[in-house]
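Below is one structure, written out as structure tokens; the observations come after it.
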2 protein chains.
Amino acid sequence: MTELLWGRQQPPSRGPKPAMTLTGIAEAAIRIADAEGLDAVSMQRVADDLPVTKMALYRYVPGKTELVAVMSDLAMGEPPEHPGLSWREALHAWSIDLFDGFNRHPWLLLSTVGGRPVGPNEAAWLDRGVQALTGSGLNGTEQLDSILVLSGHVRTIALQTATMPGGRQGLTEETFTAGFAGILAAEADRFPSLVAALRTPSGQENQGLEFGLDRILDGLELLISARQD
Amino acid sequence: MTELLWGRQQPPSRGPKPAMTLTGIAEAAIRIADAEGLDAVSMQRVADDLPVTKMALYRYVPGKTELVAVMSDLAMGEPPEHPGLSWREALHAWSIDLFDGFNRHPWLLLSTVGGRPVGPNEAAWLDRGVQALTGSGLNGTEQLDSILVLSGHVRTIALQTATMPGGRQGLTEETFTAGFAGILAAEADRFPSLVAALRTPSGQENQGLEFGLDRILDGLELLISARQD
DNA sequence: ATTAACTGTGTCTGTCGGACACAATAAGGT
DNA sequence: ACCTTATTGTGTCCGACAGACACAGTTAAT
């Protein structure tokens, strides 16, 4: 699986020329997922789009799990470069870039849940994030934990705001209108703080993302400046 | 769906006595998920354990999506009480409680991905979290955003450390040994910062959780103290 | 020319969620 | 007491899915 992700497989010497490539298959799967959601990505559907038989795909990929891993790493792409920024600016830009990526391919929020092998693009993202914190006084574990906090927050917000072709949305949208508001009003006494908090008019676009980023980066700055004394 | 979650359905007057209850079905599903992972929860499997026919379940639940929603809210349970704590202590305890919940039922990490109706227990968790921030000077949206950051972080760490019966783990464990370390060493020049960061010996138990909580709470404290001036 | 490796295809199985019709059951209205 | 009517659990059926396996055609090494 790791070999697949990293393209580590020597081409066979004999036999017919392969009619497809692994990335070609993954790109077809990405197109489907972008257009119709991750649930629409089945072996049959991908094969039909190429077009080829379903079983032919298994010559390139051991199973669907692996295909999803490959298409996920491919869709993530390489992290954009932002030279000449402070660690804080760099991490902020990194987070926004990641958020944009999740918005470009909302199904990544579903396909990258749970432990999975790290592909080259994900490694590049990790590297770029950690890079911003080298020389900050944090040790390696702290650097990794920091970008983990950031990526986790980006995921959380993206999951709330993303609109996927397959349906499913965050709290503040459909869910609220779908009877939840009524029920909450009926049982307002059980959740007084929540009801009160929901009365506040929600802020502007991406408020949740920026709010969390500011808090996390503030917290990091506090630690870093303490370390640099 | 919302009515299901909140138990809002009047019992029918006529017809045979129901042999099961919705919560009974959900509890059976929870048992299966706890023991064998979320993937093992199929309508057939739940029915076999009760024991009853698969189709009988559809008299109590419209579909699998709804069953998962009900069992998720049920497994989450009510948030523990921690009276007499400062907002910071309360939010810390709240996060740890949530983390424990995810560890008790690791499949919650998978079943609660994506937008879904909020059930009574999830509402109670939200309420308890927001409650800690009432009177802090933050407005309702900021309070909600704050606990969203915290819950997102808890999710992230739980997802990394959780061991699920269905397999799948985080970055720092299996994944790393499964050839990733070797590949990363081979391509060390492509990811210099990442390789350097990974060289640091990893810290103690729950380091990632506490590190992120400290940063986030520090960031919140900064904002709150600024607001209270 | 022969062999051996590899490709894409066709066929098959088991599992899944769910639709639908049916007989058994229990209450309400008369 | 009777009949009507809503509701239960069951049995049968379907389409979609992931994947196993055998097979024929294709290409390079020998």
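Observations on the model:
- When region A:111-143 is filtered for residues that are farther than 17 Å from B:D189 by Cβ and hydroxyl-bearing (S, T, Y), the ones remaining, listed by number, are A:S111, A:T112, A:S136, A:T141.
- Scanning region B:34-73 for residues that are β-branched (V, I, T) and within 12 Å of DNA strand C (Cβ to nearest atom) returns B:V41, B:V46, B:T53, B:V61, B:T65, B:V68.
- Cross-chain or 6+ apart pairs with Cβ under 7 Å, region B:201-228 first and facing another protein chain (nearest Cβ under 9 Å), then of a type in the set (K, R) and surrounded by fewer than 18 Cβ atoms within 10 Å (Cβ to Cβ): B:L217/B:R88; B:E221/B:R88
- In the condition set (1) away from every other protein chain (no Cβ under 14 Å); (2) among the basic types (K, R); (3) more than 16 Å from DNA strand D (Cβ to nearest atom), A:R88 is compliant with all but (1).
- Scanning region B:2-33 for residues that are within 14 Å of another protein chain (Cβ to nearest Cβ) and within 15 Å of DNA strand C (Cβ to nearest atom) yields a count of 1.
- Among residues of region A:183-229, those that are more than 30 Å from B:E3 (Cα to Cα) and among the hydroxyl-bearing types (S, T, Y), counted: 1
- Residues of region B:11-49 classified as away from DNA strand D (no atom under 11 Å from the Cβ), loosely packed, with under 14 Cβ neighbours inside 10 Å and among the basic types (K, R), total: 0
- Filtered by the rule that a residue be within 18 Å of A:A33 (Cα to Cα) and free of Cβ contacts under 8 Å to residues at least 40 places away in the same chain, region A:52-64 gives A:K54, A:L57, A:G63, A:K64.
- Number of the exception - A:D97 against (1) under 24 Å from A:Q160 (Cα atoms); (2) within 16 Å of DNA strand D (Cβ to nearest atom); (3) free of Cβ contacts under 8 Å to residues at least 24 places away in the same chain: (2)
- A single entry from A:L144, A:L148 fulfils the requirement of being of a type outside the set (V, I, T), within 13 Å of the chain's Cα centre (by Cα) and open to solvent by 20 Å² or more (accessible area, probe 1.4 Å): A:L148.
- Criterion violated by B:T65 - all others in (1) away from chain A (no Cβ under 13 Å); (2) within 16 Å of DNA strand D (Cβ to nearest atom) satisfied: (1)
- Flag if A:A56 is within 14 Å of DNA strand D (Cβ to nearest atom) and open to solvent by less than 20 Å² (accessible area, probe 1.4 Å): no
- Taking the criterion of being more than 7 Å from chain B (Cβ to nearest Cβ), within 22 Å of A:L110 (Cβ to Cβ) and among the polar types (S, T, N, Q), the residues of region A:133-161 that qualify are A:S151, A:Q160, A:T161.
- Set A:V113, A:V130: member being surrounded by fewer than 19 Cβ atoms within 10 Å (Cβ to Cβ) and at the interface with chain B (Cβ under 7 Å from one of its Cβ atoms): A:V113
- Residue satisfying all of: in region A:179-227; at pLDDT below 80 and open to solvent by 60 Å² or more (accessible area, probe 1.4 Å); farthest from A:L144 (Cα to Cα) among these: A:P201
- Of the listed requirements (1) open to solvent by 40 Å² or more (accessible area, probe 1.4 Å); (2) farther than 20 Å from B:M1 by Cα, B:T65 misses just one: (2).
- B:L126 meets the stated requirement of being closer than 25 Å to B:I216 by Cβ and in contact (Cβ under 8 Å) with a residue 12 or more places away in the chain.
The values are calculated or read from the model by the stated rules, or taken from the named source; none is laboratory data. Here the structure is a predicted model, which is why all the values come from computation and not from measurement. Please note: Cβ atoms are built from the backbone with ideal geometry, for glycine as well, and neighbour counts cover all protein chains shown. What goes into the accessible areas is simple: the full protein's heavy atoms, side chains included, and nothing from ligands, DNA or RNA. Shrake-Rupley method; radii C 1.70, N 1.55, O 1.52, S 1.80 Å.
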